[in-house]
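Asks: Pasting a structure here, questions to come.
The values are calculated or read from the model by the stated rules, or taken from the named source; none is laboratory data. The model shown is predicted, which means the values in this text are computed figures rather than measured ones. Here the Cβ positions follow ideal geometry from the backbone for every residue, glycine too, while neighbour counts run over all protein chains shown. We work out accessible area using only protein heavy atoms, side chains counted, and drop any ligands, DNA or RNA first. Shrake-Rupley method; radii C 1.70, N 1.55, O 1.52, S 1.80 Å.
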Amino acid sequence: MDNDAISQAAERLSAGQRLVVFSGSGLSAESGIPTFRDEGGIWERFPPEDFAEIPGLIKTFLTHPDRLREFVAEGIGDAARAAPNAAHAAIAELQERRQVTVVTQNIDGLHQDAGSKTVHELHGSLFRLKCTRCQHRVDLSRQEIRDLSERLGEPLPMPAKRRRLIRLMLPLLRRCGECRSRMRPDIVFFGEQLPAEAWQQAQVASMHCHGMLVVGTSAQVYPAAMLPAVAHDSGAKVVVVTLDPRFEARWANQIVVGPAAEVVPAIVGEIE
Ligand code: APR
């Protein structure tokens, strides 16, 4: 690891009191959750047009229910079995001594499990359901999600695969306790609006921070990906931690290439 780069990054992020950590799936890679766009990533095996947009999801359910079962089983299973890594822990520790707002694109709940407070989940959470009508929300435990991923682990027996899949997924589609309408996972699919409160808070924090640590994101998905530019253009120092040696962005003051679980604790350890 390049110690000079670590010290330089820490110095940049020590320049002011208010920090934002903006994280993507690369932060959780060392917790065993695959990223989306790396080689062998989720979108290579489950194309987003078929699995991450509502119309595509419906088509996949109707035409290839077993593939949808596999996608859900793998996606929720990896997250449910994951534990925070040293990078999540370092970010939570930094929040103890600096004014740090965590803005994440991840839906795995690992920032909170590591002890982070003030976490804005721009793409929602696997561990929460929301009512399709009144927006009432309920939390789900890691165990509930783990049990569901195991039940979804087996191929659907004939006949009536689609009906069997619906029955298996019912815990995620339960009736709302407030208005009795159907609930759904509180995650943001492509083409859907970001949760208004989280998005609003994330923009304000990015506009007013002195430094932003961007960890494990290809910064390709908008509007979330505009936040580092907002921070930079508002005068903040932006440090990127990534595994991609080709990563570049006009808003990056520094790019540190290395695994988050190693690099983030090293940088945090040198921030006074
Ligand atoms: N340490 C640091 N960075 C890593 C690591 C690691 N151990 N492993 C991978 N990375 C980097 C990769 O180099 C890549 O730049 O993390 C980035 C992951 O990029 P993506 O797979 O595109 O994931 P992300 O940026 O989080 O995607 C954003 O896109 O598909 C949607 O909703 C989904 O929230 C997701 C959004």
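Asks: Could you list, ordered by first residue, the pairs with Cβ atoms under 8 Å in which the first is in the stretch 156-173 and surrounded by 13 or more Cβ atoms within 10 Å (Cβ to Cβ) and the second is of a type in the set (Lys, Arg), at least 6 apart or interchain?
Replies: Going by the 8 Å Cβ cut-off, the qualifying pairs are LEU156/ARG69; LEU156/ARG164; LEU165/ARG69; LEU168/ARG69; LEU168/ARG151; LEU172/ARG184; LEU173/ARG182; LEU173/ARG184.
Asks: Go through the stretch 210-226 and give me each residue that's over 19 Å from ALA87 (Cβ atoms) and either touching a strand residue (DSSP E or B) at 6+ places or on another chain (Cβ under 8 Å) or hydroxyl-bearing (Ser, Thr, Tyr) (or both).
Replies: Result: HIS210, TYR222.
Asks: Within the stretch 36-47, track down each residue that is open to solvent by 30 Å² or more (accessible area, probe 1.4 Å) and either under 18 Å from GLN220 (Cα atoms) or not charged (D, E, K, R) (or both).
Replies: PHE36, ARG37, ASP38, GLU39, GLY40, TRP43, GLU44, PRO47
Asks: Here is a further query. Which pairs turn up if I take residues in the stretch 256-268 that are without any contact (Cβ under 8 Å) to a residue 60 or more places away in the chain and look for partners that are near the ligand (Cβ under 7 Å from one of its atoms) with beta carbon separation below 7 Å, at least 6 apart in sequence or on another chain?
Replies: Pairs that qualify, where the first residue is without any contact (Cβ under 8 Å) to a residue 60 or more places away in the chain and the partner is near the ligand (Cβ under 7 Å from one of its atoms), are VAL257/THR242; VAL257/LEU243.
Asks: Which is open to solvent by less than 80 Å² (accessible area, probe 1.4 Å), assigned to a loop (DSSP other than H, G, I, E, B) and more than 22 Å from PHE61 (Cα to Cα), of GLY177, GLY153? Reasoning before the result, please.
Replies: Working: GLY153 fails: more than 22 Å from PHE61 (Cα to Cα).
That would be GLY177, the only listed residue that is open to solvent by less than 80 Å² (accessible area, probe 1.4 Å), assigned to a loop (DSSP other than H, G, I, E, B) and more than 22 Å from PHE61 (Cα to Cα).
Asks: Determine whether the stretch 223-232 contains at least one residue that is modelled with pLDDT of 95 or more, assigned by TED's automatic domain parsing to the domain that holds HIS88, part of a loop (DSSP other than H, G, I, E, B) and surrounded by 20 or more Cβ atoms within 10 Å (Cβ to Cβ). Working first, answer last.
Replies: So in the stretch 223-232, the residues modelled with pLDDT of 95 or more come out as 223-232.
Imposing the further condition that a residue be assigned by TED's automatic domain parsing to the domain that holds HIS88 reduces the set to 223-232.
After this cut, where a residue has to be part of a loop (DSSP other than H, G, I, E, B) as well, the list is 223.
Okay, now just the ones that are also surrounded by 20 or more Cβ atoms within 10 Å (Cβ to Cβ), so none.
No; the residues of the stretch 223-232 include none that is modelled with pLDDT of 95 or more, assigned by TED's automatic domain parsing to the domain that holds HIS88, part of a loop (DSSP other than H, G, I, E, B) and surrounded by 20 or more Cβ atoms within 10 Å (Cβ to Cβ).
Asks: Counting only residues that are touching a residue at least 60 places away in the same chain (Cβ under 8 Å) and over 18 Å from HIS123 (Cβ atoms), how many does the stretch 25-52 have?
Replies: The number of residues fulfilling the criteria is 1.
Asks: Give the residues of the stretch 190-215 that are touching a Pro at 6+ places or on another chain (Cβ under 9 Å) and within 14 Å of the ligand (Cβ to nearest atom), sorted by residue number.
Replies: PHE190, GLY191, LEU194, TRP199, VAL214
Asks: Which one of these does ASP4 not meet: (1) among the charged types (D, E, K, R); (2) in contact with a helix residue (DSSP H, G or I) (Cβ under 9 Å, 6 or more places away or on another chain); (3) assigned to a helix (DSSP H, G or I)?
Replies: Condition not satisfied by ASP4: (2).
Asks: Let me ask something additional. So GLY191 ticks every box in (1) touching an Asp or Glu at 6+ places or on another chain (Cβ under 6 Å); (2) over 25 Å from ILE42 (Cα atoms) but one. Which box is left unticked?
Replies: Every listed condition holds for GLY191 apart from (2).
Asks: Of the residues in the stretch 151-170, how many are within 19 Å of LEU129 (Cα to Cα) and out of contact with any helix residue (DSSP H, G or I) (no Cβ under 6 Å at 6 or more places or on another chain)?
Replies: Going through the stretch 151-170, the residues within 19 Å of LEU129 (Cα to Cα) turn out to be 151-152, 165-170.
Adding the requirement that they be out of contact with any helix residue (DSSP H, G or I) (no Cβ under 6 Å at 6 or more places or on another chain) leaves 166-167, 169-170.
Counting residues in the stretch 151-170 that are within 19 Å of LEU129 (Cα to Cα) and out of contact with any helix residue (DSSP H, G or I) (no Cβ under 6 Å at 6 or more places or on another chain) gives 4.
Asks: Which ones in the stretch 84-119 are outside any helix (DSSP H, G or I), open to solvent by 10 Å² or more (accessible area, probe 1.4 Å) and within 13 Å of the ligand (Cβ to nearest atom)?
Replies: Result: ASN85, GLN105, ASN106, ILE107, ASP108.
Asks: Within the stretch 125-135, is there a residue that is open to solvent by less than 80 Å² (accessible area, probe 1.4 Å), part of a helix (DSSP H, G or I), within 15 Å of the ligand (Cβ to nearest atom) and not acidic (Asp, Glu)?
Replies: no
Asks: In the stretch 6-35, which residues are more than 20 Å from VAL119 (Cβ to Cβ), β-branched (Val, Ile, Thr) and crowded, with 24+ Cβ neighbours inside 10 Å?
Replies: Listed by number, the list is empty, since nothing qualifies.
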